[in-house]
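Participant: After the C-alpha coordinates below, expect a handful of questions from me.
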Amino acid sequence: VKSHWIWFFYMEFCVLGSGSKGNSVLVASGDTVVVIDAGFSGVDLQQRIACVGYQPEQISAVLVTHEHLDHVRGVGVISRRFKLPVYANSKTYAAAEKKIGKLAVRCEFEAGTGFEIGELGIHPFCLSHDAADPVGFLLTDGRVSLGYCTDIGKVTNLVAHHLRSCQGLVLEANHDPEMLLNGPYPMFLKQRIRSGQGHLANEDAGAFLAQLSKGDMLQHVVLAHLSDSNNDPHLALSTVRKFLDSHSEIQVAVARQDKPGDLINLS
(Lines give C-alpha, C1' and ligand atoms only; values in the text may rest on other atoms or scores of the structure.)
Protein backbone atom coordinates (compact mmCIF):
# COMPACT_ATOMS: atom_id res chain seq x y z
CA VAL A 1 0.00 0.00 0.00
CA LYS A 2 1.36 3.40 -0.86
CA SER A 3 2.50 5.82 1.83
CA HIS A 4 -0.26 8.33 2.51
CA TRP A 5 1.92 11.44 2.40
CA ILE A 6 3.29 10.70 -1.08
CA TRP A 7 -0.15 10.91 -2.66
CA PHE A 8 -0.49 14.62 -2.15
CA PHE A 9 2.40 15.56 -4.42
CA TYR A 10 1.42 14.13 -7.75
CA MET A 11 -1.18 12.61 -9.98
CA GLU A 12 -0.40 9.22 -11.48
CA PHE A 13 -2.08 6.73 -13.76
CA CYS A 14 -1.64 3.21 -15.03
CA VAL A 15 -3.30 1.25 -17.82
CA LEU A 16 -4.22 -1.98 -16.03
CA GLY A 17 -4.79 -3.66 -19.39
CA SER A 18 -6.18 -2.73 -22.77
CA GLY A 19 -7.43 -4.54 -25.86
CA SER A 20 -10.47 -6.34 -27.21
CA LYS A 21 -10.50 -8.73 -24.20
CA GLY A 22 -10.61 -6.08 -21.48
CA ASN A 23 -9.86 -2.44 -20.65
CA SER A 24 -9.23 -0.60 -17.41
CA VAL A 25 -7.17 2.36 -16.18
CA LEU A 26 -6.33 3.44 -12.63
CA VAL A 27 -5.91 7.16 -11.83
CA ALA A 28 -4.81 8.47 -8.43
CA SER A 29 -4.33 11.88 -6.87
CA GLY A 30 -4.11 12.45 -3.14
CA ASP A 31 -6.63 10.27 -1.34
CA THR A 32 -8.68 9.81 -4.51
CA VAL A 33 -8.27 6.68 -6.62
CA VAL A 34 -10.62 5.99 -9.52
CA VAL A 35 -10.85 3.20 -12.07
CA ILE A 36 -11.98 4.05 -15.60
CA ASP A 37 -13.80 1.04 -17.04
CA ALA A 38 -13.56 -2.44 -15.55
CA GLY A 39 -13.47 -4.82 -18.47
CA PHE A 40 -11.86 -7.72 -16.63
CA SER A 41 -13.29 -10.23 -14.18
CA GLY A 42 -13.45 -9.12 -10.57
CA VAL A 43 -10.58 -11.39 -9.53
CA ASP A 44 -8.39 -10.36 -12.47
CA LEU A 45 -9.04 -6.69 -11.83
CA GLN A 46 -8.15 -7.01 -8.13
CA GLN A 47 -4.88 -8.71 -9.05
CA ARG A 48 -4.00 -6.05 -11.59
CA ILE A 49 -4.71 -3.26 -9.10
CA ALA A 50 -2.53 -4.98 -6.49
CA CYS A 51 0.26 -5.40 -9.06
CA VAL A 52 0.67 -1.63 -9.29
CA GLY A 53 0.74 -1.06 -5.53
CA TYR A 54 -2.88 -0.26 -4.74
CA GLN A 55 -5.69 -2.18 -3.09
CA PRO A 56 -9.35 -2.32 -4.15
CA GLU A 57 -10.32 -0.87 -0.76
CA GLN A 58 -8.57 2.36 -1.77
CA ILE A 59 -10.73 2.91 -4.85
CA SER A 60 -13.12 5.83 -4.62
CA ALA A 61 -15.29 5.14 -7.69
CA VAL A 62 -15.58 3.46 -11.07
CA LEU A 63 -16.14 5.54 -14.23
CA VAL A 64 -17.70 3.90 -17.29
CA THR A 65 -17.19 5.09 -20.86
CA HIS A 66 -19.71 2.80 -22.61
CA GLU A 67 -21.50 -0.53 -22.31
CA HIS A 68 -19.37 -2.91 -24.40
CA LEU A 69 -18.35 -6.00 -22.42
CA ASP A 70 -14.61 -5.37 -22.67
CA HIS A 71 -15.24 -2.20 -20.64
CA VAL A 72 -17.89 -3.32 -18.12
CA ARG A 73 -17.29 -7.04 -17.44
CA GLY A 74 -16.19 -6.47 -13.82
CA VAL A 75 -18.09 -3.27 -13.00
CA GLY A 76 -20.94 -4.87 -11.07
CA VAL A 77 -18.71 -7.31 -9.21
CA ILE A 78 -16.27 -4.79 -7.81
CA SER A 79 -19.04 -2.28 -7.08
CA ARG A 80 -20.91 -4.82 -4.95
CA ARG A 81 -17.81 -6.35 -3.38
CA PHE A 82 -16.20 -3.08 -2.31
CA LYS A 83 -19.32 -0.87 -2.03
CA LEU A 84 -18.11 1.39 -4.84
CA PRO A 85 -20.15 4.06 -6.60
CA VAL A 86 -20.32 3.68 -10.36
CA TYR A 87 -20.56 6.72 -12.66
CA ALA A 88 -22.11 6.41 -16.12
CA ASN A 89 -24.68 8.23 -18.23
CA SER A 90 -28.30 7.10 -18.45
CA LYS A 91 -28.09 5.53 -21.92
CA THR A 92 -25.01 3.54 -20.96
CA TYR A 93 -26.74 2.28 -17.82
CA ALA A 94 -29.75 1.19 -19.86
CA ALA A 95 -27.59 -0.63 -22.40
CA ALA A 96 -25.33 -2.24 -19.76
CA GLU A 97 -27.98 -3.21 -17.21
CA LYS A 98 -27.95 -6.96 -17.90
CA LYS A 99 -24.15 -7.05 -18.02
CA ILE A 100 -23.44 -5.28 -14.74
CA GLY A 101 -26.43 -6.20 -12.57
CA LYS A 102 -27.03 -4.49 -9.25
CA LEU A 103 -24.63 -1.77 -8.12
CA ALA A 104 -23.71 -0.59 -4.64
CA VAL A 105 -24.26 3.05 -5.64
CA ARG A 106 -25.43 4.29 -9.02
CA CYS A 107 -24.41 7.82 -10.05
CA GLU A 108 -25.35 9.46 -13.33
CA PHE A 109 -23.62 12.19 -15.29
CA GLU A 110 -24.26 13.95 -18.58
CA ALA A 111 -21.64 14.44 -21.25
CA GLY A 112 -20.47 18.03 -21.21
CA THR A 113 -21.15 18.52 -17.49
CA GLY A 114 -18.23 18.16 -15.12
CA PHE A 115 -18.34 16.68 -11.64
CA GLU A 116 -15.96 15.94 -8.79
CA ILE A 117 -14.85 12.80 -7.03
CA GLY A 118 -12.64 13.66 -4.09
CA GLU A 119 -9.65 15.60 -5.34
CA LEU A 120 -10.33 14.91 -9.00
CA GLY A 121 -12.37 17.07 -11.33
CA ILE A 122 -13.85 14.96 -14.12
CA HIS A 123 -15.26 16.16 -17.41
CA PRO A 124 -16.97 13.62 -19.70
CA PHE A 125 -17.17 14.42 -23.41
CA CYS A 126 -18.90 12.73 -26.35
CA LEU A 127 -17.10 10.31 -28.64
CA SER A 128 -18.00 8.84 -32.02
CA HIS A 129 -18.40 5.08 -31.52
CA ASP A 130 -21.08 2.45 -32.09
CA ALA A 131 -22.38 2.43 -28.53
CA ALA A 132 -25.44 3.96 -26.83
CA ASP A 133 -23.78 7.17 -25.61
CA PRO A 134 -19.98 6.72 -25.44
CA VAL A 135 -17.75 9.22 -23.67
CA GLY A 136 -14.13 10.02 -23.02
CA PHE A 137 -12.88 11.66 -19.85
CA LEU A 138 -10.61 14.54 -18.90
CA LEU A 139 -9.45 14.27 -15.29
CA THR A 140 -7.60 16.99 -13.41
CA ASP A 141 -6.33 17.58 -9.90
CA GLY A 142 -6.07 21.33 -10.53
CA ARG A 143 -2.41 21.12 -11.52
CA VAL A 144 -2.18 18.52 -14.27
CA SER A 145 -4.71 16.76 -16.51
CA LEU A 146 -5.14 13.28 -17.97
CA GLY A 147 -7.22 12.44 -21.02
CA TYR A 148 -8.82 9.03 -21.62
CA CYS A 149 -9.96 8.49 -25.19
CA THR A 150 -10.42 4.98 -26.59
CA ASP A 151 -13.10 3.32 -28.73
CA ILE A 152 -13.33 6.29 -31.04
CA GLY A 153 -13.96 6.23 -34.78
CA LYS A 154 -12.75 9.75 -35.51
CA VAL A 155 -11.25 12.71 -33.71
CA THR A 156 -13.76 15.54 -33.67
CA ASN A 157 -13.16 19.20 -32.89
CA LEU A 158 -14.90 18.59 -29.56
CA VAL A 159 -12.44 15.85 -28.61
CA ALA A 160 -9.48 17.99 -29.67
CA HIS A 161 -10.84 20.89 -27.64
CA HIS A 162 -11.06 18.88 -24.43
CA LEU A 163 -7.66 17.23 -24.78
CA ARG A 164 -5.66 20.22 -26.02
CA SER A 165 -4.00 20.95 -22.68
CA CYS A 166 -3.58 17.54 -21.06
CA GLN A 167 -0.19 16.38 -19.79
CA GLY A 168 -1.08 12.69 -19.98
CA LEU A 169 -3.22 10.83 -22.50
CA VAL A 170 -4.49 7.29 -23.00
CA LEU A 171 -5.35 7.20 -26.70
CA GLU A 172 -6.61 4.44 -28.96
CA ALA A 173 -4.32 3.15 -31.71
CA ASN A 174 -6.44 0.19 -32.70
CA HIS A 175 -5.25 -0.99 -36.08
CA ASP A 176 -3.01 -0.66 -39.10
CA PRO A 177 -5.24 -0.13 -42.17
CA GLU A 178 -3.26 -2.51 -44.37
CA MET A 179 -3.25 -5.27 -41.76
CA LEU A 180 -6.99 -4.79 -41.29
CA LEU A 181 -7.65 -4.92 -45.05
CA ASN A 182 -5.63 -8.11 -45.49
CA GLY A 183 -6.63 -9.67 -42.19
CA PRO A 184 -9.10 -12.44 -41.28
CA TYR A 185 -12.10 -10.30 -40.34
CA PRO A 186 -15.25 -10.44 -42.52
CA MET A 187 -15.81 -7.40 -44.70
CA PHE A 188 -18.72 -6.03 -42.64
CA LEU A 189 -16.51 -5.97 -39.54
CA LYS A 190 -13.64 -4.34 -41.39
CA GLN A 191 -16.02 -1.64 -42.58
CA ARG A 192 -17.36 -1.13 -39.08
CA ILE A 193 -13.84 -0.74 -37.64
CA ARG A 194 -12.79 1.75 -40.30
CA SER A 195 -16.02 3.78 -40.06
CA GLY A 196 -16.44 7.04 -38.20
CA GLN A 197 -18.07 5.08 -35.38
CA GLY A 198 -15.45 2.36 -35.25
CA HIS A 199 -11.85 2.48 -34.04
CA LEU A 200 -8.87 4.77 -34.57
CA ALA A 201 -6.02 3.70 -36.87
CA ASN A 202 -2.35 4.19 -35.97
CA GLU A 203 -1.94 7.04 -38.45
CA ASP A 204 -5.03 8.81 -37.12
CA ALA A 205 -3.68 8.57 -33.58
CA GLY A 206 -0.30 9.88 -34.70
CA ALA A 207 -1.79 12.82 -36.58
CA PHE A 208 -3.89 13.78 -33.57
CA LEU A 209 -0.91 13.58 -31.23
CA ALA A 210 1.08 15.79 -33.59
CA GLN A 211 -1.73 18.33 -33.34
CA LEU A 212 -1.74 18.16 -29.54
CA SER A 213 2.04 18.40 -29.34
CA LYS A 214 1.94 21.93 -30.73
CA GLY A 215 0.63 23.10 -27.38
CA ASP A 216 3.81 21.91 -25.61
CA MET A 217 1.75 20.48 -22.74
CA LEU A 218 1.75 16.78 -23.54
CA GLN A 219 4.26 14.70 -21.58
CA HIS A 220 3.10 11.07 -21.56
CA VAL A 221 1.02 9.05 -24.02
CA VAL A 222 -0.12 5.43 -23.73
CA LEU A 223 -1.42 3.86 -26.92
CA ALA A 224 -4.35 1.61 -26.05
CA HIS A 225 -6.92 -0.84 -27.41
CA LEU A 226 -4.55 -2.37 -29.96
CA SER A 227 -6.09 -5.13 -32.04
CA ASP A 228 -4.49 -8.57 -31.70
CA SER A 229 -5.28 -9.39 -35.33
CA ASN A 230 -4.87 -6.04 -37.06
CA ASN A 231 -1.98 -4.32 -35.31
CA ASP A 232 1.44 -4.84 -33.82
CA PRO A 233 2.83 -2.94 -30.80
CA HIS A 234 6.11 -2.10 -32.55
CA LEU A 235 4.27 -0.93 -35.66
CA ALA A 236 1.86 1.23 -33.66
CA LEU A 237 4.72 2.83 -31.72
CA SER A 238 6.90 3.47 -34.76
CA THR A 239 4.00 4.90 -36.75
CA VAL A 240 3.03 7.33 -34.00
CA ARG A 241 6.64 8.33 -33.33
CA LYS A 242 7.02 9.41 -36.97
CA PHE A 243 4.39 12.06 -36.32
CA LEU A 244 6.22 13.18 -33.17
CA ASP A 245 9.79 13.18 -34.50
CA SER A 246 10.29 16.81 -33.51
CA HIS A 247 8.91 16.16 -30.01
CA SER A 248 11.23 13.48 -28.66
CA GLU A 249 10.51 14.70 -25.13
CA ILE A 250 7.01 13.18 -25.27
CA GLN A 251 7.12 9.70 -23.76
CA VAL A 252 5.06 7.15 -25.69
CA ALA A 253 4.27 3.64 -24.43
CA VAL A 254 2.01 0.85 -25.66
CA ALA A 255 -0.55 -0.74 -23.33
CA ARG A 256 -0.63 -4.53 -23.07
CA GLN A 257 -3.61 -6.81 -22.80
CA ASP A 258 -2.02 -9.39 -20.53
CA LYS A 259 -0.62 -7.22 -17.74
CA PRO A 260 -0.58 -3.67 -16.35
CA GLY A 261 1.82 -1.07 -17.64
CA ASP A 262 3.99 1.24 -15.56
CA LEU A 263 2.64 3.81 -13.15
CA ILE A 264 3.18 7.15 -14.82
CA ASN A 265 3.75 10.25 -12.72
CA LEU A 266 2.28 13.50 -14.06
CA SER A 267 3.98 15.82 -11.57
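Participant: Which of (1) among the hydroxyl-bearing types (Ser, Thr, Tyr); (2) surrounded by fewer than 16 Cβ atoms within 10 Å (Cβ to Cβ); (3) under 13 Å from the mean Cα position of the chain (by Cα) does Thr150 not meet, given it meets every other one?
Facilitator: (2) is the only condition that Thr150 fails.
Participant: Please verify whether Val221 is touching a Phe, Trp or Tyr at 6+ places or on another chain (Cβ under 9 Å) and either crowded, with 20+ Cβ neighbours inside 10 Å or closer than 21 Å to Thr113 by Cα (or both), treating the condition exactly as stated.
Facilitator: So Val221 does not fit the description; no.
Participant: I'd like the full set of residues that are of a type outside the set (Ser, Thr, Tyr), in a loop (DSSP other than H, G, I, E, B), surrounded by fewer than 18 Cβ atoms within 10 Å (Cβ to Cβ) and on the phi < 0 side of the Ramachandran plot, limited to the stretch 28-75. Lay out the reasoning, then the answer.
Facilitator: At the first step, the residues of the stretch 28-75 found to be of a type outside the set (Ser, Thr, Tyr) are 28, 30-31, 33-40, 42-53, 55-59, 61-64, 66-75.
Next cut, in a loop (DSSP other than H, G, I, E, B) only: 30-31, 37-40, 52-53, 55, 59, 64, 66-68, 73-74.
Narrowing further to those that are surrounded by fewer than 18 Cβ atoms within 10 Å (Cβ to Cβ): 30-31, 53, 55.
Across the stretch 28-75, the qualifying residues are Asp31, Gln55.
Participant: Same structure again: Among the residues of the stretch 208-242, what is the count of those that are among the hydrophobic types (A, V, I, L, M, F, W, C) and without any contact (Cβ under 8 Å) to a residue 40 or more places away in the chain?
Facilitator: Summing the residues that are among the hydrophobic types (A, V, I, L, M, F, W, C) and without any contact (Cβ under 8 Å) to a residue 40 or more places away in the chain in the stretch 208-242 gives 2.
Participant: Between a first residue in the stretch 59-75 that is over 12 Å from Ala131 (Cα atoms) and a second residue that is in a helix (DSSP H, G or I) and open to solvent by 10 Å² or more (accessible area, probe 1.4 Å), which pairs have beta carbons less than 6 Å apart while being 6 or more apart in sequence or on different chains?
Facilitator: Here the result reads Val72/Lys99; Val72/Ile100; Val75/Ile100, each pair linking the stretch 59-75 to a residue that is in a helix (DSSP H, G or I) and open to solvent by 10 Å² or more (accessible area, probe 1.4 Å).
Participant: Condition (residue is under 25 Å from Cys51 (Cα atoms), open to solvent by 80 Å² or more (accessible area, probe 1.4 Å) and in a loop (DSSP other than H, G, I, E, B)) applied to the stretch 197-209: is it met by at least one residue?
Facilitator: Scanning the stretch 197-209, I find no residue that is under 25 Å from Cys51 (Cα atoms), open to solvent by 80 Å² or more (accessible area, probe 1.4 Å) and in a loop (DSSP other than H, G, I, E, B), so the answer is no.
Participant: Take the residues of the stretch 234-250 that are small (Gly, Ala, Ser) and surrounded by fewer than 16 Cβ atoms within 10 Å (Cβ to Cβ): which is modelled with the highest pLDDT?
Facilitator: Ser238
Participant: Which of the residues spanning the stretch 223-244 are in a loop (DSSP other than H, G, I, E, B) and out of contact with any helix residue (DSSP H, G or I) (no Cβ under 9 Å at 6 or more places or on another chain)?
Facilitator: Taking the stretch 223-244 and keeping what is in a loop (DSSP other than H, G, I, E, B), we get 225-232, 244.
Within the stretch 223-244, just Asp228 meets the criteria.
Participant: Being under 13 Å from Pro124 (Cα atoms), touching a Cys at 6+ places or on another chain (Cβ under 8 Å), of a type outside the set (Asp, Glu) and open to solvent by less than 20 Å² (accessible area, probe 1.4 Å) is true for just one of Leu163, Leu171, Leu158, Leu139. Which residue is that?
Facilitator: Going through Leu163, Leu171, Leu158, Leu139 in turn, just one is under 13 Å from Pro124 (Cα atoms), touching a Cys at 6+ places or on another chain (Cβ under 8 Å), of a type outside the set (Asp, Glu) and open to solvent by less than 20 Å² (accessible area, probe 1.4 Å): Leu163.
The values are calculated or read from the model by the stated rules, or taken from the named source; none is laboratory data. Computed from a predicted model, the values in this text were never measured in an experiment. In this analysis, Cβ positions are derived from the backbone assuming ideal geometry, glycine residues included, and neighbour counts consider all displayed protein chains. What goes into the accessible areas is simple: the full protein's heavy atoms, side chains included, and nothing from ligands, DNA or RNA. Shrake-Rupley method; radii C 1.70, N 1.55, O 1.52, S 1.80 Å.
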